[in-house]
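The values are calculated or read from the model by the stated rules, or taken from the named source; none is laboratory data. Since this is a predicted model, take the numbers as computed values, not measurements. Cβ placement follows ideal geometry from the backbone for every residue including glycine, while neighbour counts extend to all protein chains displayed. SASA here: full protein model, heavy atoms, side chains in, ligands and nucleic acids out. Shrake-Rupley method; radii C 1.70, N 1.55, O 1.52, S 1.80 Å.
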Amino acid sequence: MSIQVNEEHQLFLLTTKNMCYGIGVDNKGQLLHTHWGEKVKIEDCIHLLQPYYHSHFDAEVDREREEYSPWGGLSFTEPALKVKFHDGVRDLKLQYKSYSLHVSDDMLDEGSILEIHLQDAYYSLDVNLTYKVIAEFDLIERKASLTNKGTEPIQLEIAQSAVWSIPALEAYRMVYVTGKWQEEFQIKSCMLTEGKKVIESRRGITSHHANPWFAVDNGAANETSGAVWFGSLAWSGNWKITAEKTAFGNVRIVGGINDFDFEWSLKAGETFETPAFIGGYTAEGFGGMSRRLHGYQLKYIMPSSKQTTYRKILYNSWEATEFNVSVREQTFLAQKAAEIGVELFVIDDGWFGKRNHDKAGLGDWYVNTEKFPNGLGELIERINTLGMDFGLWVEPEMVNPDSELYRSHPDWIYHFPNRESSLARNQLVLNLSKPEVKTFILDFMTKLLQENNIKFIKWDMNRAISEPGGLHDPAPEQREFWVRHVLHLYEIWDELRTCFPDVTFETCSSGGGRVDFGMLRYADQAWVSDNTDAFDRLKIQEGFSYTYSAQSMMCWVTDSPGHANHRSVSLKYRFHSAMMGSLGIGGDLNKWTDSELIEAKELVALYKELRPMIQQGKQYRLHSPRTEPTTAVQYVNDDGSESVIFVFLHSQQFGNFMPRLRLNGLQSDQIYQVELAEPFTMSGSGLMSIGIPIALGGDFDSVLIRVRVVG
Ligand code: DGJ
């Protein structure tokens, strides 16, 4: 039974495979958090509802453990909800009313939804908290629905998705990612002391600069062991996660849509639903955390039609030809791509309007007839004849001032009167909160997909949103644009996915600027970074893998020296780095030598063999590029009978040789064949406790090792 209710003591206990999560109602009718961690009995939580009193300055310390804390009364911690009623009252008093149990729509976890109904003590505001139990992955999906049951509007000023209370620990370490363009998903950590640590985006997109997830441990957890509490927010616009440690030692993580410049007018009868915030617990360290999130993404988040298929090996011509696309040039590249085993050929930027550089054309979504005199169809046919699918790049939310679209609809951009709208990459952002802009995007995308045999869309977003105003919209409503933009974006993707179920979609925002569980409900895969340097990628990919699956992680093999660092590394090293996710190739194949093309063909064929294990198997990070001179990542199939390990030596020093590499996730009592230059056999327990010898040397060396149960 995944949800237990103790009516007498008003306690609720959600149980997953290895975790319990508890809440209860105290004698004042407040919903308090009781427990999150190892399994307990529901009766164990009875005493956790006792009130805590300290002084007249902290008369309601117990409110620090409120499950969804409203701002009002004697509560001084980071609130989950702050509102203004029509008469100016800003004090919110939420009282527990009732609960209900439901079966989830997807039927993946029967009987797995708890709803808690709260109400304001006087005003007609209902707050409905939803808890969906994802038992097999030790996760709970939470969200809040706020309904105005009265006749006057209610202004929402803060509306967070959830508050996660961390149990008492001897110390609190928060782990998260930060970064920037070309340096996304860098793992960082800090000890939480009294006060707040905030990670957020105010850019209208998820951002390169942080990603909406957190992990907390006592400072001692590692990849394989230790208790870790973690959460990931499914939102692709402005978001905020606040970790607060109070003077009483309570640690709470409050997260949701960023309250910065946020306001939402909840009209009579309307409901505002927050994005989902998925939280989990594991005693198996950060590796255990990631494997739970990967499994959850593959089974619950990923668009359902793509759950069981593997991502195709794509070629993208952006780095080879940039805006200079033509049928002739692309055909040459396509022939080479087909020869080495590519399955999907993608034309990136430059195929439309007057798009010969990044200063013009965005918004004019018709084929450039100078580059494609016979339309896209001619090239698509050639590509299909070569045995590959065809894919296309778009950036629908943007417009260049030098475009027909801007000239005919200058009022369609985000813009404050009496202000210049800031240009970034020579482009402006369309005000997607407007229904007419949404219709425009949906219409041109539908036409494009209807008229052409396109099997893949890369949807880009190359700048942040700024000056989020509208010429004719009342000022308070303009604060809703941040949220409406994202909701319209989701609606467009939802509609396109329904109408074109065979098309695979990639989310891109100048690399990894819009990757989160909100976007990944619609996108099959994500472009992780514009930085394709195979060595830098090891850290970027490691950070990505903390939350997101290898299947959704797009990695390209590009030319050497690369554009990011002018570093030269071997083709084998570049392939190995890119084979750790969904493989793509982005180099200029016309410049690759015959021997490089032969090597690429062999590695592409090998990847096809390993693909199910890499894209949908279990991942173990054995050595981290952050802390060790080597990186090692292992992928294991479902039953542990087969595995592949990628090992990278960064730079050999002092004549040191590498220690044996201990594996993970294998069956202890099985005998495995280790396919090295000198193959040998060893038991699973031997491989996991003694390990295998690694003979790498020099700079930027790498090896791919296969391990299989002897048949
Ligand atoms: C940014 C993307 O990240 C690149 O891969 C490429 O698509 C360019 N935009 C095209 O303008």
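Here is how the numbers come out for the structure above:
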quantity: Cα centroid separation - the range 1-51 against the range 333-374, whole Å; calculated: 57
quantity: ³J(HN,Hα), Karplus 6.51/-1.76/1.60, whole Hz, each residue of the range 685-690, x for Gly, Pro; calculated: 5, x, 5, 8, 10, 9
quantity: Simple Cβ-charge dipole of the range 3-301, Lys/Arg +1 and Asp/Glu -1, about Cα centre, in debye nearest 20; calculated: 600
quantity: FRET E, pair residue 151, residue 356, Förster distance 41 Å, beta-carbon r, rounded to 0.05; calculated: 0.10
quantity: Antiparallel bridges, percent of DSSP beta bridges restricted to the chain (to nearest 5); calculated: 80
quantity: Table column - 3J(HN,Hα) (Hz), the range 640-652, Karplus curve with 6.51, -1.76, 1.60, x for Gly and Pro; calculated: x, 8, 8, 8, 10, 10, 10, 10, 10, 9, 7, 7, 6
quantity: Percent carbon-and-sulfur accessible area, the chain, ignoring ligands, DNA and RNA, probe 1.4 Å; calculated: 49
quantity: 5 angstrom amide H check on residue 701, placed H, neighbours 5+ away; calculated: 649
quantity: Relative contact order %, the chain, counting alpha carbon pairs below 8 Å whose residues are six or more apart; calculated: 10
quantity: Among 25, 69, 193 - extreme Cα towards positive end, dipole of the chain, charges at beta-carbon; calculated: 193
quantity: Nearest-20 debye value, the range 398-458 charge dipole, Cβ charges on Lys, Arg, Asp, Glu; calculated: 260
quantity: Formal net charge of residues neighbouring residue 221 (Cβ-Cβ distance under 10 Å; K, R +1; D, E -1); calculated: -2
quantity: Inter-label distance for residue 421 and residue 225, nm, one decimal - labels placed 7 Å from Cα along Cα-to-Cβ; calculated: 5.7
quantity: Solvent accessible area, Å² - residue 193, 1.4 Å probe, full protein context; calculated: 90
quantity: Value of [θ]222 nm, deg cm²/dmol, for the chain, DSSP H segments ≥ 4, -39500 (n - 2.57) each, nearest 500; calculated: -5500 deg cm²/dmol
quantity: Under the Debye formula (equal points on every Cα, no solvent term), log10 I(q)/I(0) of the range 3-301 at q = 0.07, 0.08, 0.14 Å⁻¹; calculated: -0.25, -0.32, -1.08
quantity: Check: the range 304-616 dipole with +1 on Lys, Arg Cβ and -1 on Asp, Glu Cβ, in debye; calculated: 480
quantity: Cα→Cβ-extended label distance, 7 Å offset, between residue 676 and residue 115, nm; calculated: 5.9
quantity: Solvent-accessible surface ranking, highest first, for 239, 71 at 1.4 angstrom; calculated: 71, 239
quantity: Integer Hz, Karplus 6.51/-1.76/1.60 couplings in order for the range 317-323, x for Gly and Pro; calculated: 8, 4, 5, 7, 10, 6, 7
quantity: FRET efficiency estimate (nearest 0.05) - Cβ-Cβ, residue 502 to residue 331, R0 30 angstrom; calculated: 0.80
quantity: Kyte-Doolittle mean at least -0.5, axial Cα span of 30 Å or more - DSSP H helices of the chain; calculated: 594-616
quantity: Å² of accessible area per residue within the range 507-571, as computed with a 1.4 Å probe and no ligands counted; calculated: 19
quantity: Theoretical FRET efficiency, 1/(1+(r/R0)^6), r = Cβ-Cβ of residue 443 and residue 708, R0 56 Å, to 0.05; calculated: 0.60
quantity: Residue 467 - accessible surface, heavy atoms, 1.4 Å probe, Å² rounded to 10; calculated: 40
quantity: For residue 346, distant residues with modelled amide H under 5 Å away; calculated: 315, 316, 317, 391
quantity: 47 Å tail of the calculated P(r), the chain, as % of Cα pairs; calculated: 21
quantity: Accessible area of residue 463 in the full protein assembly, 1.4 Å probe (Å², nearest 10); calculated: 20
quantity: Distance (nanometres) between label positions extended 7 Å along Cα→Cβ at residue 689 and residue 606; calculated: 3.1
quantity: Positive minus negative residues near residue 421 (Lys, Arg vs Asp, Glu; Cβ under 12 Å); calculated: -1
quantity: Descending principal axes extents, the range 304-616, alpha-carbon based, whole Å; calculated: 62, 45, 39
quantity: Accessible area (Å², per residue) of the range 3-301, counting only protein heavy atoms and a probe of 1.4 Å; calculated: 37
quantity: Contact order relative to length of the range 304-616, as percent, for alpha carbon pairs under 8 angstrom and 6 or more apart; calculated: 18
quantity: Difference of contour (0.36 nm per residue) and Cα-Cα distance, residue 650 to residue 570; calculated: 27.5 nm
quantity: Positive-end extreme of charge dipole, the chain - chosen from 700, 305, 635 (charges on Cβ); calculated: 700
quantity: Tail beyond 17 Å, pair distance distribution of the range 623-709 (Cα, percent); calculated: 44
quantity: Solvent-accessible heavy-atom area per residue, rounded to whole Å², over the range 617-711 at 1.4 Å; calculated: 47
quantity: Neighbour net charge for residue 175 - beta-carbon separation under 10 angstrom, K R +1, D E -1; calculated: +1
quantity: Heavy-atom SASA rank of 594, 138 (probe 1.4 Å, accessible area, largest first); calculated: 594, 138
quantity: Reach of residue 149 by Cα under 24 Å, taken over lysines that are not fewer than 8 positions away in the same chain; calculated: 28, 82, 84, 93, 97, 267
quantity: Residues whose placed amide H lies under 5 Å from that of residue 588, excluding near-sequence neighbours; calculated: 559
quantity: Accessible area, probe 1.4 Å, largest first, for residues 41, 299, 180; calculated: 41, 180, 299
